[in-house]
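Asker: Next up is a structure, given as structure tokens.
The values are calculated or read from the model by the stated rules, or taken from the named source; none is laboratory data. A quick note: this is a predicted structure, and the numbers were derived from the prediction, not measured. No Cβ is skipped: glycine too gets one built from the backbone with ideal geometry, and neighbour counts run over all protein chains shown. SASA here: full protein model, heavy atoms, side chains in, ligands and nucleic acids out. Shrake-Rupley method; radii C 1.70, N 1.55, O 1.52, S 1.80 Å.
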Amino acid sequence: MDFTRGQAWGLLTEYNKEPFHLRHALTVEGVMRYFAQALGYGGETDFWGIAGLLHDLDFEQFPEQHCIKAAELMQARGLDARLIHAVVSHGYGITADVRPEHEMEKVLFATDELTGLIGAAALMRPSKSVQDMEAKSVKKKFKDKKFAAGCSREVIRQGADMLGWTLDELVEKTILAMRVDEQAINKAMG
Ligand SMILES: [Fe+2]
């Protein structure tokens, strides 16, 4: 794919200005890169990362057409159909009827909402960090329906099932993934 990470960042920031959204995009990018390597897709690390970076491309400006608009914007730029499929499939059962098929798409589906929950849980800690966070404290927050209520527990469970992982495995691996880039993202976001 000749669409570079720099070009993807350019596209993202054309449609996204909110720090919250940019931070989320960077977080999911880092998580996707981690899983590409961890799951044996090291040669596709950039591709997995770009899918993570762009997955919510349309959400800030077109929340009502989430995933649909992203596909339009990406098609208009002639981007890889695989990338578009991956982005659209993260809205499966919510805003889109494109099912996550590839392992990369399942990881994106499973970790998108979970990174929000883990990030919110991290902010409750004295360190405000995932570095010293354990899966069991995330599991506690997972069960507290009022905590970060916008992060769909159903989607997270469904994502774990798609991957054939237990919820505990998914949480543990996603914490490890988020540890890698946390500092760099904090720095980038000031
Ligand atoms: Fe997202």
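Asker: Go through region 41-66 and count every residue that is under 10 Å from the mean Cα position of the chain (by Cα) and open to solvent by less than 10 Å² (accessible area, probe 1.4 Å).
Answerer: Summing the residues that are under 10 Å from the mean Cα position of the chain (by Cα) and open to solvent by less than 10 Å² (accessible area, probe 1.4 Å) in region 41-66 gives 6.
Asker: Taking residue 119 as meeting all but one of (1) open to solvent by less than 50 Å² (accessible area, probe 1.4 Å); (2) under 16 Å from the mean Cα position of the chain (by Cα); (3) over 16 Å from residue 177 (Cα atoms), write down the number of the exception.
Answerer: That leaves (3) as the condition not met.
Asker: Run down 177, 160 and say which single residue is closer than 21 Å to residue 44 by Cα, at pLDDT 95 or above, of a type in the set (A, V, I, L, M, F, W, C) and out of contact with any Cys (no Cβ under 9 Å at 6 or more places or on another chain).
Answerer: Step by step, each of 177, 160 is checked, and only 177 is closer than 21 Å to residue 44 by Cα, at pLDDT 95 or above, of a type in the set (A, V, I, L, M, F, W, C) and out of contact with any Cys (no Cβ under 9 Å at 6 or more places or on another chain).
Asker: I would also like to ask the following. For region 41-67, how many residues are within 14 Å of the ligand (Cβ to nearest atom), outside any helix (DSSP H, G or I) and not hydrophobic (A, V, I, L, M, F, W, C)?
Answerer: Qualifying residue count for the region: 5.
Asker: Just checking, does region 68-91 include any residue being within 15 Å of residue 151 (Cα to Cα), part of a loop (DSSP other than H, G, I, E, B), touching a helix residue (DSSP H, G or I) at 6+ places or on another chain (Cβ under 9 Å) and of a type outside the set (Phe, Trp, Tyr)?
Answerer: So far as region 68-91 goes, yes, one or more of its residues are within 15 Å of residue 151 (Cα to Cα), part of a loop (DSSP other than H, G, I, E, B), touching a helix residue (DSSP H, G or I) at 6+ places or on another chain (Cβ under 9 Å) and of a type outside the set (Phe, Trp, Tyr).
Asker: On to the next question. Which numbered condition in (1) without any contact (Cβ under 8 Å) to a residue 60 or more places away in the chain; (2) open to solvent by 20 Å² or more (accessible area, probe 1.4 Å) is the only one that residue 158 fails?
Answerer: Against the list (1) without any contact (Cβ under 8 Å) to a residue 60 or more places away in the chain; (2) open to solvent by 20 Å² or more (accessible area, probe 1.4 Å), residue 158 comes up short only on (1).
Asker: Which ones in region 1-40 are farther than 16 Å from residue 84 by Cβ, away from the ligand (no atom under 13 Å from the Cβ), open to solvent by 60 Å² or more (accessible area, probe 1.4 Å) and assigned to a loop (DSSP other than H, G, I, E, B)?
Answerer: Matches in region 1-40: 4, 17, 40.
Asker: Just checking, which of 106, 69 is over 16 Å from the mean Cα position of the chain (by Cα) and surrounded by 16 or more Cβ atoms within 10 Å (Cβ to Cβ)?
Answerer: The conditions single out 69.
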